Ligand code: UDX
């Protein structure tokens, strides 16, 4: 099929390249000239494993092109995927949906034949119904320009796999015809076993935010339990292993540490909370405020614990920080707890040297006043204390002896609870985790 992908950020670029891989002809619409030029040259302006290879292959084959023209998009495709961003609003907790509105406003007047516009962006419940009316009002073919909502659940670091082999496909539709078109479009994935849930607009919108709220709740739950472990001498990793064996609970997303960050979980729970308030059911989602608070407390706690390990003052102490990205296999530092902690320690008087295998450049753009090292050992050189804040495999693989050779102190705080504390302690280090024995 000939499709367009409107908005070529993380979601859109991945969707465009993956759909070209499925055999469709894809036109990406991107209004940012620098981003568009990069994508058209087959390069990806962020780090996602495998994406640049996939994208450049399909740019070269001619199956994937880019434009900034809504008129060209309307003429080219019969299916238009909305993949623009919905960041947290600058004036509150709600989502800023102006890019979604702008996409509909610019595309709809050019839709002169029956078309299906498919929203993938994460939006507050009620947005799709409003956009469906707007689309029909603005299009010359009226109601023949139809809307569907098909939320995306991809994780950074696994974006291609999550797009091509999703755990489920959710189709929020208002007609059988829209369902049929989506089933035809995704036929190879459905044939390969991805389950399909067909539902209405509101449910489809809510599925996405509920999934993210549940994941955030799971992480904050284990982090809250970790606070109890801290004061009782219990071990949160053993505890998570034990409760995770219960199939009703499951072990995934029960890793206690410095908490969640990134471009989705934090803003999505806030937008959900905000939307519940607008709908007059604040109480239903008020627990998400607590989930957010527990999460923020982790970062504060690491700063406090670091100060206490250093004897009560951060002034002029040297700290080596391993990790800046919000999670491994990503160069994304949006709302990254690792970068927040590094920044706070420096603002409170410490000398902080940060190393991240991929996120150094993006971190330096957000926090230019930190020192950035070119390797884990360089960040550790002369340090009184090391903080492990993003669990890249290379940090686990470092020989402890080589670290001991370059540091001044022998203190380690593992903010991700994945290092072998026993091995560090055997090597003479005061090594601690969060909520760990
Ligand atoms: C998330 C959702 O997983 C995905 O389905 C949605 O489409 C977008 O938001 P992503 O932001 O890529 O994906 O990251 P995710 O893997 O969910 O991790 C989010 C944060 O939680 C990271 O900061 C991670 O370090 C943290 N985390 C995750 C924990 O602290 N503990 C865990 O057990 C799992």
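The values are calculated or read from the model by the stated rules, or taken from the named source; none is laboratory data. Just so it is clear, the structure is predicted and the values come from calculations on it, not from any experiment. As a convention, Cβ positions derive from the backbone with ideal geometry for all residues, glycine included, and neighbour counts pool all protein chains shown.
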Of residues in the stretch 172-219 being outside any helix (DSSP H, G or I) and surrounded by 21 or more Cβ atoms within 10 Å (Cβ to Cβ), the one nearest to the ligand (Cβ to nearest atom):
172
Does the stretch 70-81 contain at least one residue that is without any contact (Cβ under 8 Å) to a residue 24 or more places away in the chain, closer than 25 Å to residue 187 by Cβ and assigned by TED's automatic domain parsing to the domain that holds residue 190?
no
Matching option when the condition is at positive phi, within 15 Å of the chain's Cα centre (by Cα) and modelled with pLDDT of 95 or more, among 280, 193, 233, 259
259
Please work out if residue 250 is away from the ligand (no atom under 15 Å from the Cβ) and either at pLDDT 95 or above or in the same structural domain as residue 390 (by TED's automatic domain parsing) (or both).
no
State yes or no: is residue 286 over 29 Å from residue 430 (Cβ atoms), away from the ligand (no atom under 15 Å from the Cβ) and modelled with pLDDT of 95 or more?
yes
Given (1) surrounded by fewer than 24 Cβ atoms within 10 Å (Cβ to Cβ); (2) touching a strand residue (DSSP E or B) at 6+ places or on another chain (Cβ under 9 Å); (3) more than 20 Å from residue 392 (Cα to Cα), number of the condition residue 292 does not satisfy
(2)
Out of 269, 294, 315, 319, which single residue is in contact with a helix residue (DSSP H, G or I) (Cβ under 6 Å, 6 or more places away or on another chain) and away from the ligand (no atom under 16 Å from the Cβ)?
319
I need the full set of residues from the stretch 114-137 which are out of contact with any strand residue (DSSP E or B) (no Cβ under 8 Å at 6 or more places or on another chain) and outside any helix (DSSP H, G or I), in order please.
125, 126
Kindly establish whether residue 223 is over 21 Å from residue 82 (Cα atoms) and at pLDDT 95 or above.
yes
Considering only the stretch 152-166, I want to know if a residue exists there that is within 16 Å of the ligand (Cβ to nearest atom), touching a strand residue (DSSP E or B) at 6+ places or on another chain (Cβ under 7 Å) and without any contact (Cβ under 8 Å) to a residue 40 or more places away in the chain.
no
Residue 114: under 27 Å from residue 74 (Cβ atoms) and in contact (Cβ under 8 Å) with a residue 40 or more places away in the chain, yes or no?
no
List pairs: first in the stretch 49-65 and exposed (fewer than 14 other Cβ atoms within 10 Å of the Cβ), second at pLDDT 95 or above and not in a helix (DSSP H, G or I), Cβ under 9 Å, 6+ apart or cross-chain?
60/42; 62/25
